[in-house]
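Asker: Let me give you the structure first, and then I'll get to my questions.
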Amino acid sequence: MRPEFASPSSSSSSSADRRLNALVRHLATASMVSQTAVAFSPTSGFHGDSVFSHVVRAPEDPILGVTVAYNKDPSPVKLNLGVGAYRTEEGKPLVLNVVRKAEQMLLNDKSRVKEYLPIVGIAEFNKLSAKLIFGADSPAIRENRVTTVQCLSGTGSLRVGAEFLARHYHQKTIYIPQPTWGNHPKVFTLAGLSVKTYRYYDPTTRGMNFQGLLEDLGSAPSGSIVLLHACAHNPTGVDPTLQQWEQIRQLMRSKALLPFFDSAYQGFASGNLDEDAQSIRMFVADGGECFVAQSYAKNMGLYGERVGALSVVCRAANVASKVESQLKLVIRPMFSNPPIHGASIVVTILKDSNMFNEWTIELKAMADRIISMRKQLFDALRARGTPGDWSHIIKQIGMFTFTGLNSKQVEFMTREYHIYMTSDGRISMAGLSSKTVPHLADAIHAAVTRMS
């Protein structure tokens, strides 16, 4: 009997089935692998909790948060006296005419490019900034004992200086005035310094607690860093007299305390650039060392351009050169190099005598308007018979006034009069106008008489 053989059609069918079954098994395996991959893929978390779910919502910045609340208020009489930015009599932001001219000149210069700046910024900007703050005849500049680097306005200048000190200075403690600008303790702490305070303001007189200042600095460890507001102290508006500055200088030099000046308002306080730099120049004249953070936000109205400089005055030129080399190592990983536009505006104005003179005229006009607002508010409160002595309003100087109002009174004024300010009672005089002074005076009068 012949053996049975499968027909050709039967054989090919069986082979096809085997291939089909193998393909099904392969697809099933691939599907399982794919599902497993999806289960562990980074995007699979989109259907569950975020890896940042634990993050706590941060509170609003106490200063910038005032503007956030102000913007949400629909009241037509609302008034923002929180943020330190100059406003015109019409309540509008101001771009100085000389700044517009400088920008037009830069725009018309077709040779200008947008290349990276060196780490320390524009050399001419640094030279002119040092000359502006220390004076054209400064011996420190003449002897090449100053190194100046371009930074991101005053805040960036403070941070760069603080990080340098944290790395290279033997004392890691900085004494700051009580009170001071709210960002100071954060900047110095994050830079690696330990922050302590010295007495500065006397709430009973709404003036300076000079004796407390001398006592606290006198008891500070030798070599400690001391933050000093060059002029127009923020938030109090209370400055030492020249005689008091001299006492502070003598005390600090006798204890080898290192001065770190914050100069945010040169020319903006008194209307005179040299007068507002006197405190710094007193310390430089004695041949000692100091740090100076400089900002063009207020005095040129370049708030959003973030233009500033850090200067370090050393005892010798070779030391200043070494300090600059280390400042570069701080700046490079922080912001690499500074922006070009705002600093170019400053250079254009400072190097041209006609534009410089035009700037000083506009600067004095801003300062004079703020001084006028102080007098108008003082007169309005006196006319209303508001309880208390309000003479501190005209004695204080610069953009801010420390009114002496408490947090409950501030809350009352916001709720009832739609006036916004920081809870410590600080108001920006630059945010006032002749039209809004009566509204503020009414609010203060009501707060003092009803919420005392």
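Asker: Whether any residue in segment 169-186 is part of a strand (DSSP E or B) and of a type in the set (A, V, I, L, M, F, W, C) is what I want to check.
Answerer: Within segment 169-186 (the criterion being part of a strand (DSSP E or B) and of a type in the set (A, V, I, L, M, F, W, C)), the answer is yes, since at least one residue qualifies.
Asker: Now, a different point. Quick one: in segment 120-145, of everything that is open to solvent by 30 Å² or more (accessible area, probe 1.4 Å) and touching a strand residue (DSSP E or B) at 6+ places or on another chain (Cβ under 8 Å), which residue is farthest from Gly287 (Cα to Cα)?
Answerer: Per the stated criteria, the residue is Ile122.
Asker: Looking only at residues that are touching a residue at least 24 places away in the same chain (Cβ under 8 Å) and assigned to a helix (DSSP H, G or I) in segment 399-409, which one is least open to solvent (accessible area, probe 1.4 Å)?
Answerer: The residue in question is Gln409.
Asker: Next up: Condition (residue is of a type in the set (Lys, Arg) and within 13 Å of Val330 (Cβ to Cβ)) applied to segment 135-146: is it met by at least one residue?
Answerer: no
Asker: Right, next: Search segment 254-275 for residues being more than 22 Å from the chain's Cα centre (by Cα) and not charged (D, E, K, R), and hand back the single one that is surrounded by the most Cβ atoms within 10 Å (Cβ to Cβ).
Answerer: Out of the qualifying residues, it is Leu257.
Asker: Here's another thing I want to ask about it. State yes or no: is Ala293 small (Gly, Ala, Ser), touching a Gly at 6+ places or on another chain (Cβ under 7 Å) and either closer than 16 Å to Thr147 by Cα or open to solvent by less than 10 Å² (accessible area, probe 1.4 Å) (or both)?
Answerer: In short, yes.
To keep it simple, each residue is scored yes or no on (1) outside the structural domain of Gly82 (by the TED database); (2) of a type in the set (Phe, Trp, Tyr); (3) touching a Phe, Trp or Tyr at 6+ places or on another chain (Cβ under 7 Å).
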site: Arg384; (1), (2), (3): no, no, no
site: Pro387; (1), (2), (3): no, no, no
site: Ile393; (1), (2), (3): no, no, yes
site: Phe412; (1), (2), (3): no, yes, no
site: His418; (1), (2), (3): no, no, no
site: Met421; (1), (2), (3): no, no, no
site: Asp424; (1), (2), (3): no, no, no
site: Val437; (1), (2), (3): no, no, no
site: Ala447; (1), (2), (3): no, no, yes
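Asker: Restricting the search to segment 328-371, which residues are of a type in the set (Asp, Glu) and more than 18 Å from Ala102 (Cβ to Cβ)?
Answerer: Asp368
Asker: I'm checking my understanding of the structure. Among residues of segment 358-398 that are touching a residue at least 12 places away in the same chain (Cβ under 8 Å) and among the hydroxyl-bearing types (Ser, Thr, Tyr), which one is most open to solvent (accessible area, probe 1.4 Å)?
Answerer: Filtering first and then ranking leaves Thr360.
Asker: Answer yes or no as to whether Gln376 is modelled with pLDDT under 95 and polar (S, T, N, Q).
Answerer: no
Asker: Just give me the residues in segment 59-74 being of a type in the set (D, E, K, R) and open to solvent by 50 Å² or more (accessible area, probe 1.4 Å), in sequence order.
Answerer: If the condition is that a residue be of a type in the set (D, E, K, R) and open to solvent by 50 Å² or more (accessible area, probe 1.4 Å), then Glu60, Asp61, Lys72 are the ones that fit.
Asker: Next question. Taking the residues in segment 187-203 that are in a loop (DSSP other than H, G, I, E, B) and not aromatic (Phe, Trp, Tyr) as candidates, determine which candidate is most open to solvent (accessible area, probe 1.4 Å).
Answerer: Pro203
Asker: Taking segment 425-438 only, how many residues are assigned to a loop (DSSP other than H, G, I, E, B) and either within 14 Å of Asp368 (Cα to Cα) or under 19 Å from the mean Cα position of the chain (by Cα) (or both)?
Answerer: Number of matching residues: 3.
Asker: Could I ask something else about it? Condition first: surrounded by fewer than 18 Cβ atoms within 10 Å (Cβ to Cβ) and touching a helix residue (DSSP H, G or I) at 6+ places or on another chain (Cβ under 8 Å). Now tell me which residues in segment 102-116 satisfy that.
Answerer: Glu103, Met105, Leu106, Arg112
Asker: Here is a list: Val226, Val284. Which entry is at pLDDT 95 or above and within 27 Å of His392 (Cβ to Cβ)?
Answerer: Of Val226, Val284, the one residue that is at pLDDT 95 or above and within 27 Å of His392 (Cβ to Cβ) is Val226.
Asker: What pairs come out if I take residues in segment 341-354 that are in a helix (DSSP H, G or I) and pair them with residues that are of a type in the set (Lys, Arg) and modelled with pLDDT of 95 or more whose C-beta lies under 7 Å away, six or more apart or interchain?
Answerer: Short answer, once both residue conditions are applied: Gly342/Arg306.
Asker: Among the residues of segment 322-336, are any in a loop (DSSP other than H, G, I, E, B) and surrounded by fewer than 16 Cβ atoms within 10 Å (Cβ to Cβ)?
Answerer: yes
Asker: Condition first: without any contact (Cβ under 8 Å) to a residue 40 or more places away in the chain and either buried (at least 20 other Cβ atoms within 10 Å of the Cβ) or out of contact with any strand residue (DSSP E or B) (no Cβ under 6 Å at 6 or more places or on another chain) (or both). Now tell me which residues in segment 207-221 satisfy that.
Answerer: Within segment 207-221, Met208, Asn209, Phe210, Gln211, Leu213, Leu214, Glu215, Gly218, Ser219 meet the criteria.
The values are calculated or read from the model by the stated rules, or taken from the named source; none is laboratory data. A quick note: this is a predicted structure, and the numbers were derived from the prediction, not measured. In this analysis, Cβ positions are derived from the backbone assuming ideal geometry, glycine residues included, and neighbour counts consider all displayed protein chains. These accessible areas exclude ligands, DNA and RNA; they are computed on the full protein's heavy atoms, side chains included. Shrake-Rupley method; radii C 1.70, N 1.55, O 1.52, S 1.80 Å.
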